[in-house]
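K.L.:
Submitted below is the structure of interest, expressed as structure tokens.
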Amino acid sequence: LYLMILNIIQAVNMKTLQKPKWIRSKIISSPSYCKISKLLRKLNINTVCEEAFCPNKLSCWKNNDVTFLILGKQCTRNCRFCNVEPNYFWQKPDENEPFNIALAINTLKLEYAVITSVTRDDLPDFGCSHFVKVIKFIKENCNIPVEILIPDFHAQPSLLRQIYLASPSVIGHNIETVPRLYPSIRPESSYEKSINVLQFFSQFKEQSFAIKSSIMLGLGETENEIYKTASDIRNAGVDIFYIGQYLQPSKKHAQVHKYYTTDEFNKIASRMKEELGFPVVLAGPLVRSSFEAKKSYVRFLELSLNAKNHLHG
């Protein structure tokens, strides 16, 4: 009730910011877009590109980049920044989903797979075993790197270990915003729990996989809060760090407090690299968790190889 009253007060007191020109994405149609759209409908596959109203959908699909959304398209949590629909009454996970996604990957000749999911707090293992099935099926049948973006699975070590043992190339978990804003922006999640998820995977860093996370700007965070959150993420072992602009999906979602310019994003990215030592940082108004995912992973591999050669040289 307190959060509802607080949100109403904020909405009344705050003027809606006009979206600046630099934040607008270009409308680009293509044969590839039409092909992907038809195939997804045929195979009953969901994507975060569609469910989250991603501003990069057209440009990404033109380049044959798709981010698959598993475990349904409704979420058991109700984050105030996310367009994915909340729902607490569920059906079982689709047993054909691993096969259908692998079929889509091979049909589209994708060279890199990105898999994310809704949060399924209604399931006994929160959907972990289904996630593992999808990862393993892709690895066995498509022979390409698999990047995953996981929910927190309530930071249970036994579940996180199953994810690690499935051997994805990139394990991502988004921190999303600064600690102070969690009660109003992610009321059913926990900043500490998300940091613990990232820290769990960092204990296996001798293995050749990357840890990834991202944060949105424009929700009312301060410069010091951005830096402190980034520092926490880096100390948790994150290699690839994404920073993007929050865009309000609808009037019922949290309002935008600030639109950061491209120059501001560039300055923040430089600071993250120079002062905190992130190997790979991607920042910009339209940067989203899976944006240019393959490029970031390849860059991480190049830097890791250079570091090993330098160490042994």
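The values are calculated or read from the model by the stated rules, or taken from the named source; none is laboratory data. In this text the structure is predicted, and so the values were computed from the model without any measurement. Every residue, glycine among them, receives a Cβ derived from its backbone with ideal geometry; neighbour counts consider all protein chains shown. Note: areas computed on protein heavy atoms with side chains; ligands, DNA, RNA excluded. Shrake-Rupley method; radii C 1.70, N 1.55, O 1.52, S 1.80 Å.
K.L.:
Near Gly127, within a Cβ-to-Cβ distance under 12 Å, what is the net charge of the other residues, with Lys and Arg +1 and Asp and Glu -1? Write down the numbers at each step before the final one.
P.N.:
Numbers: positive: Lys92, Arg120, Lys133; negative: Asp94, Glu97, Asp121, Asp122, Asp125, Asp152.
The answer is -3.
K.L.:
So which trypsin sites (Lys or Arg not before Pro) in the range 231-269 end up in coil per DSSP with only 11 or fewer other C-beta atoms within 10 Å?
P.N.:
Working: sites: Arg234, Lys251, Lys252, Lys258, Lys267; in loops: Lys251, Lys252, Lys258.
Filter output for the range 231-269: Lys251, Lys252.
K.L.:
Still on this structure: At 222 nm, what value in deg cm²/dmol follows for the chain if DSSP H runs of at least 4 each add -39500 (n - 2.57) and the sum is divided by all its residues, to the nearest 500?
P.N.:
-13000 deg cm²/dmol
K.L.:
Rolling a 1.4 Å sphere over the protein heavy atoms, what is the accessible area per residue of the chain, to the nearest Å²?
P.N.:
Details: 15970 Å² over 313 residues.
Counting only protein heavy atoms, the per-residue value for the chain is 51 Å².
K.L.:
With the contact rule set at Cα under 8 Å and sequence spacing of 6 or more, what percent relative contact order holds for the range 125-261? Don't skip to the answer; put the middle values down first.
P.N.:
Values: 186 pairs, mean separation 30.6, N = 137.
22 percent.
K.L.:
Ignoring ligands, DNA and RNA, what percent of the 1.4 Å accessible area of the chain is carbon and sulfur?
P.N.:
Values: 8480 of 15970 Å².
The value for the chain is 53 percent carbon and sulfur by accessible area.
K.L.:
Taking chymotrypsin sites (Phe, Trp or Tyr not before Pro) as exposed when DSSP calls them loop (any state but H, G, I, E, B) and at most 13 other Cβ atoms lie within 10 Å, what is the longest stretch of the chain free of them, the sites themselves excluded?
P.N.:
Numbers: sites that count: Tyr88, Phe89.
Value returned for the longest uninterrupted segment is 90-313.
K.L.:
Within the range 91-137, list the trypsin sites (Lys or Arg not before Pro) lying in a DSSP loop whose Cβ has at most 11 other Cβ atoms in a 10 Å radius.
P.N.:
Lys109
K.L.:
Can I ask one more? Work out the charge dipole of the range 224-313 with +1 on the Cβ of Lys and Arg and -1 on the Cβ of Asp and Glu about the Cα centre, then indicate which of Val238, Gln248, Val281 is farthest towards its positive end.
P.N.:
Farthest towards the positive end: Gln248.
K.L.:
Another question, then. What percent antiparallel are the DSSP beta bridges of the chain, to the nearest 5? The partial results should precede the final answer.
P.N.:
Numbers: 2 of 30 bridges.
Antiparallel bridges make up about 5 percent of those DSSP assigns within the chain.
K.L.:
Suppose a student asked you for the relative contact order of the chain, using Cα pairs under 8 Å spaced at least 6 residues apart; what percent would you report? Could the numbers behind the result be given before it?
P.N.:
Numbers: 491 pairs, mean separation 48.8, N = 313.
Relative contact order of the chain: 16 percent.
K.L.:
Take Ala307 and Thr261, extend 7 Å from each Cα along the Cα→Cβ direction, and tell me the distance between the two endpoints in nm.
P.N.:
Rounded to a tenth, the inter-label distance reads 3.4 nm.
K.L.:
So how compact is the range 43-169: Cα radius of gyration and Dmax in angstrom?
P.N.:
When restricted to the Cα atoms of the range 43-169, Rg and Dmax are 14.1, 39 Å.
K.L.:
Then there's this: Might you report the magnitude of the Cβ-based charge dipole of the range 178-298 about its Cα centre, with Lys and Arg at +1 and Asp and Glu at -1, to the nearest 20 debye? Before the final figure, lay out each step's value.
P.N.:
Working: 16 positive and 13 negative charges, 72 e Å.
Here the range 178-298 has a charge dipole of around 340 debye.
K.L.:
How large is the charge dipole for the chain, taken about the Cα centre, if only the Cβ atoms of Lys, Arg (+1) and Asp, Glu (-1) carry charge, to the nearest 20 debye? Mind dumping the intermediate values first?
P.N.:
Values: 39 positive and 29 negative charges, 190 e Å.
Its charge dipole is roughly 920 debye.
K.L.:
May I ask for the distance between the Cα centers of the range 57-85 and the range 91-120, given as a whole number of Å?
P.N.:
Centre-to-centre distance over Cα atoms comes out at 13 Å.
K.L.:
Sticking with this one: Starting from the range 42-95, pick out the GluC sites (Glu not before Pro) whose DSSP state is loop and whose Cβ has at most 13 other Cβ atoms within 10 Å. Don't skip to the answer; put the middle values down first.
P.N.:
Working: sites: Glu50, Glu51, Glu95; in loops: Glu95.
Those satisfying the criteria are Glu95.
K.L.:
With only alpha-carbon pairs counted, each pair once and no self-pairs, how large is the Kirkwood hydrodynamic radius of the range 158-313 in angstroms?
P.N.:
Here the Kirkwood hydrodynamic radius works out to 16.3 Å.
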